[in-house]
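Quick notes on the structure that follows.
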Amino acid sequence: MAFTMKDIAKIAGVSQQAVAAALNNTGTSKVSEKTRERVRAIAEKLHYVPNQHAKCLRGSSSNTIGLYGNPYASVLEQSLFHEISVELSHHGYNLSISYGFGENTANQSIRNLLAYGVDGIIITRTENPMKNENFDNVPYVFTPSAGVEGYDVVVDHAAGTKEAMKTLISAGKKSAVFLTQTTLDGFYQEANRQKYKGIAEALKEIGTTPAILTLEDYDGEGDIIVERLRQLMPDVLFCCNDYIAGRMVSMLLEVGIRVPDDMMVVGYDGLSTCDTYSVPLSTVVQPLRKRAETVVELLLGRIKEGRRPQEPAGIRLPSYFYPSASCGFANRLAHKLPLYNAAPMLEVNWDDRL
């Protein structure tokens, strides 16, 4: 829970009425200017936010969890939000989401969530404003897109690409290219670095190294990229996401490169659209449901324990290979259709059948 006027009053050694007068700038003669300045300084240090929505005394639960995520949330992230919301509902909690980008927006988003009296906060962005703002009194879980410093729960991207490459090596494949949007340098490329790492670790066992192609180097021109692939002719093309992989399958087929006979293609993320391509796409699935379950279990445990400050949990959940036609596998679910609403993620469509 966020700090209240009662906490500020205790630290300042004054009454709650004096704190209210100081913060509300009532100008009452009962509060000296020196006291007013001291109270405001304490409130600023504690990141105090007036809670207009709290209807109960401090210590009571609002049964609401806040989530701070990307303002341009992808299908993948929106699916994660949905799974978190469903998992929280099983425990009697609601979910309130706030989006933001940049330090100032992040801080304001967190303050807005606290103003609603949330019991805890989930951070899905790569940066952790809870750490920067030192909100030691607020239970939270940091679950970024990749294993950056201080994470609580992340997906092990390398596990799935390594599993995929080892499976294809066992089928006689010996070379691979990893296609990504930009260079693997930089803070925001940690997830793609891990994907490449998994491929490289698998190939290292047979004495080869994967090549890297970036869309940025070719200004996104597919024809040039396909020509470069024709020169390299790797056994396997790994793409950093399913969308790019699906596009590459179409372009390879257009120039007469057969998938999977001439070149196998693997995507990443586990979107349901992988099953809909002319050549159903093999992919590496991110375990969103397991991630949601783990995040909620960890956060509710921290709320219950009430221990501060909290140490990073460091939980890594392995991604896994989903073989399909683009790698020469018969997809055992190819002729199955969802009985009810089709979900955007393979693991949700097929429940426990993956």
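What follows draws every value from the coordinates through simple rules; no lab data is involved. Keep in mind the model is a prediction, meaning the values are calculated, not measured. Neighbour counts are summed over all protein chains in view; Cβ atoms, including those assigned to glycine, are modelled from backbone coordinates with ideal geometry.
Out of His157, Met248, Val19, whose Cα points farthest toward the positive end of the dipole of the chain (charges: +1 Lys, Arg; -1 Asp, Glu; placed on Cβ)?
Val19
Restricting attention to region 217-283, which trypsin sites (Lys or Arg not before Pro) occupy a DSSP loop and are surrounded by at most 15 other Cβ atoms within 10 Å?
Arg258
Quick check: residue separation of Lys45 and Phe187 times 0.36 nm, minus the Cα distance between them. What number comes out in nm?
Between Lys45 and Phe187, full extension yields 48.2 nm more.
Could you check the spin-label model distance between Thr208 and Arg258? Points 7 Å from the Cα along Cα→Cβ, value in nm.
Inter-label distance under the simple model: 1.9 nm.
Of Met263, Gly198, Gly100, which is farthest on the positive side of the dipole of the chain, counting Cα position, with +1 on Lys and Arg Cβ, -1 on Asp and Glu Cβ, and the Cα centre as origin?
It is Gly100, whose Cα lies furthest towards the positive end.
Over the Cα atoms of region 5-45, Rg to Rh with Kirkwood Rh, two decimal places? Intermediate results must be reported in sequence, preceding the final value.
Details: Rg = 8.6 Å, Rh = 9.6 Å.
Here Rg/Rh amounts to 0.90.
Could you give the angle, 0 to 90 degrees to the nearest 10, between helix 242-254's Cα long axis and the longest principal axis of the Cα atoms of the chain?
With both axes taken from Cα atoms, the answer is about 20 degrees.
Given DSSP loops and a limit of at most 16 other Cβ atoms within 10 Å, what is the longest stretch of the chain that contains no such GluC sites (Glu not before Pro)?
On the way: sites that count: Glu149, Glu205, Glu221.
Counting only loop sites that pass the neighbour cut-off, the longest clear stretch is 1-148.
Percent of alpha carbon pairs in the chain separated by more than 38 Å?
31 percent
Enter the angle in degrees (range 0 to 90, nearest 10) between the Cα long axis of helix 157-169 and the first principal axis of the Cα atoms of the chain, meaning the one along which they spread out most.
Compared with the principal axis, the helix lies near 10 degrees.
Is the shape of region 221-354 best called rounded, prolate or oblate, per the rule: a/c under 1.5 gives rounded, else a/b larger than b/c gives prolate, else oblate, with a ≥ b ≥ c the square roots of the Cα gyration tensor eigenvalues?
prolate
Taking R0 as 45 Å, what FRET efficiency do you get between Ser74 and Ser15 from their Cβ-Cβ distance, rounded to the nearest 0.05?
On the way: r = 50 Å, r/R0 = 1.11.
Calculated value: 0.35.
Glu149 versus Glu311, label points 7 Å from Cα toward the beta carbon: distance in nm?
1.8 nm
Choose one answer from Thr161, Thr180, Thr209: the residue with the largest mean-square fluctuation in a GNM of the chain with alpha-carbon springs under 10 Å.
The residue that fluctuates most here is Thr209.
Within the chain, what's the longest stretch lacking chymotrypsin sites (Phe, Trp or Tyr not before Pro) that sit in DSSP loops with no more than 11 other Cβ atoms inside 10 Å?
The longest such stretch corresponds to 73-339.
Name the residue, out of Ser79, Ser98, Ser15, whose mean-square fluctuation peaks in a Gaussian network model built on the chain with Cα pairs under 10 Å.
Ser15
When the helix-only estimate is applied to the chain (DSSP H runs of n ≥ 4, each -39,500 (n - 2.57), divided by the residue count), what is the mean residue ellipticity at 222 nm, nearest 500 deg cm²/dmol?
Only helices count here, giving -12000 deg cm²/dmol.
Restricting attention to region 263-339, which trypsin sites (Lys or Arg not before Pro) occupy a DSSP loop and are surrounded by at most 16 other Cβ atoms within 10 Å?
Qualifying residues, ordered by number: Arg307, Arg332, Lys336.
Which residue fluctuates the most in the chain, going by a Gaussian network model with Cα springs under 10 Å, if the choices are Val236, Val265, Val75?
Val75
Quick one: helix 33-45 against the long Cα principal axis of the chain, what's the angle to the nearest 10°, folded into 0 to 90?
With both axes taken from Cα atoms, the answer is about 20 degrees.
Which links in Lys162/Lys290; Lys166/Lys197; Lys173/Lys336; Lys166/Lys336 stretch past 23 Å when you go from one Cα to the other?
Flagged as over cut-off: Lys173/Lys336; Lys166/Lys336.
Which distance in nm do the two modelled labels at Leu337 and Ile224 give, with both placed 7 Å along the Cα-to-Cβ direction?
4.3 nm
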